[in-house]
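J.: I have a structure I would like to understand better, so I am pasting it below and will then ask my questions one at a time.
The values are calculated or read from the model by the stated rules, or taken from the named source; none is laboratory data. Owing to the predicted nature of the structure, the values given are computational and were not obtained by experimental measurement. Virtual Cβ from ideal backbone geometry, glycine too; neighbours counted across all protein chains shown.
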Amino acid sequence: MKRRILFKKSILALMVILFQVCCSSGIMDELERPNEDPAFEKPIVRSFEVENTILVSWSDDECADEYILERSFDMAVPTYSVVYRGKKIFYQDAGLIDADCYLYRLIKIRGDTVYPPSLPVYGVSSSLIKDEFEDNNTKEKATLLLSDRISNMYYFISHDGQQVYDVDWYYVELGPKRKAQITINEQIAPAGNATHYKVTSNGTTNNVTNSTVFEVNNTEDVTRRISFAIEPHKAVFLGSVEQTGGGIVSYTIKLISVIKYE
């Protein structure tokens, strides 16, 4: 009988100790937690990576208990609704309508306090995604142009002036005093011989005429890597008085020949 009583007392004492340890751990965690308000932060919004999907993420804020992500169609006066609430720091907004444009804003919660929403960030849903040569958006990541390459480009602008656009950098290896002749062909081009593109080389930017040669020059007496950028012609992409929205188009870029520079 005494053994049973001692055993029960031991179990009870162990339960008390475990309870105290757990409570102490929770209290210590709360005490060690920063007492600042959550950081005011815009979400990171990525478009054209998954078909008809926009990827949204944000940092893990130890001062926040929970996150709310809101979405609105891009319009002059946005109307937001909640698309996610929880503790995750990533949301995949899938099943969206092709070519629709959205605004996202992030709200953080700590305890019973709901903090003001972040500034909105623009995103675009598209059935077309980035081409296989991405990320060639900078000179340092330029794609070598040796043969025909099929690529795409996009340009969109929101009602509040945020832009989502692509720039494609390429390069050619040119011997001394040589020049490359290059064309861009847009299968469904806008009116006339214009295209949706501009080319920047050696600090000069020019409009690109559909299927018409433009040249990239090496004026020096040594072999050089010459880089150039294909950029969106913003006015052509918009093509309307409203000056919002945009589009995504495909093009073929060709290295026609390399000849003597004169």
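J.: Can you say whether P116 is surrounded by 13 or more Cβ atoms within 10 Å (Cβ to Cβ), assigned to a loop (DSSP other than H, G, I, E, B), more than 18 Å from the chain's Cα centre (by Cα) and modelled with pLDDT of 95 or more, as far as the supplied structure shows?
T.: No.
J.: Could you list all residues from the stretch 216-262 that are farther than 17 Å from I184 by Cα and either touching a helix residue (DSSP H, G or I) at 6+ places or on another chain (Cβ under 6 Å) or of a type in the set (A, V, I, L, M) (or both)?
T.: V222, I226, A235, L238, V241, G246, G247, I259
J.: Another question, then. Quick check on the stretch 72-83. Is at least one of its residues more than 23 Å from I129 (Cβ to Cβ), modelled with pLDDT under 60 and either among the hydrophobic types (A, V, I, L, M, F, W, C) or surrounded by 12 or more Cβ atoms within 10 Å (Cβ to Cβ) (or both)?
T.: no
J.: Residues being of a type outside the set (S, T, Y), in a strand (DSSP E or B) and at pLDDT 90 or above: count how many of those fall in the stretch 177-207.
T.: Result for the stretch 177-207: 11.
J.: Okay, moving on. Return the residues of the stretch 133-165 that are at pLDDT below 95, in a loop (DSSP other than H, G, I, E, B) and under 30 Å from P78 (Cα atoms); say none if nothing qualifies.
T.: Answer for the stretch 133-165, where residues must be at pLDDT below 95, in a loop (DSSP other than H, G, I, E, B) and under 30 Å from P78 (Cα atoms): there is none.
J.: Are any of the residues in the stretch 233-241 part of a loop (DSSP other than H, G, I, E, B) and without any contact (Cβ under 8 Å) to a residue 12 or more places away in the chain?
T.: Here is the first cut: in the stretch 233-241, the residues part of a loop (DSSP other than H, G, I, E, B) are 233, 239-241.
If we keep only those that are without any contact (Cβ under 8 Å) to a residue 12 or more places away in the chain too, we end up with 240-241.
Looking for residues that are part of a loop (DSSP other than H, G, I, E, B) and without any contact (Cβ under 8 Å) to a residue 12 or more places away in the chain, one finds at least one in the stretch 233-241, hence yes.
J.: To continue, here is another question. Answer yes or no as to whether A94 is within 23 Å of V164 (Cα to Cα) and modelled with pLDDT under 95.
T.: No: the conditions fail for A94.
J.: Sticking with this structure for a sec: Being in a loop (DSSP other than H, G, I, E, B) and either of a type in the set (S, T, N, Q) or surrounded by fewer than 19 Cβ atoms within 10 Å (Cβ to Cβ) (or both) is the filter here, so list the residues in the stretch 166-176 that pass it. Break it down into steps so the answer makes sense when it comes.
T.: If we filter the stretch 166-176 for residues that are in a loop (DSSP other than H, G, I, E, B), which is where we start, we get 166-167, 175-176.
Selection gives V167, G175, P176.
J.: Exactly one condition in (1) touching a Ser or Thr at 6+ places or on another chain (Cβ under 9 Å); (2) among the hydroxyl-bearing types (S, T, Y); (3) closer than 17 Å to P232 by Cα is false for Y171; which is it?
T.: (3)
J.: Restricting to the stretch 196-242, name every residue that is of a type in the set (D, E, K, R) and either touching a Ser or Thr at 6+ places or on another chain (Cβ under 8 Å) or within 14 Å of V172 (Cα to Cα) (or both).
T.: Within the stretch 196-242, K198, E215, R224, R225, E231 meet the criteria.
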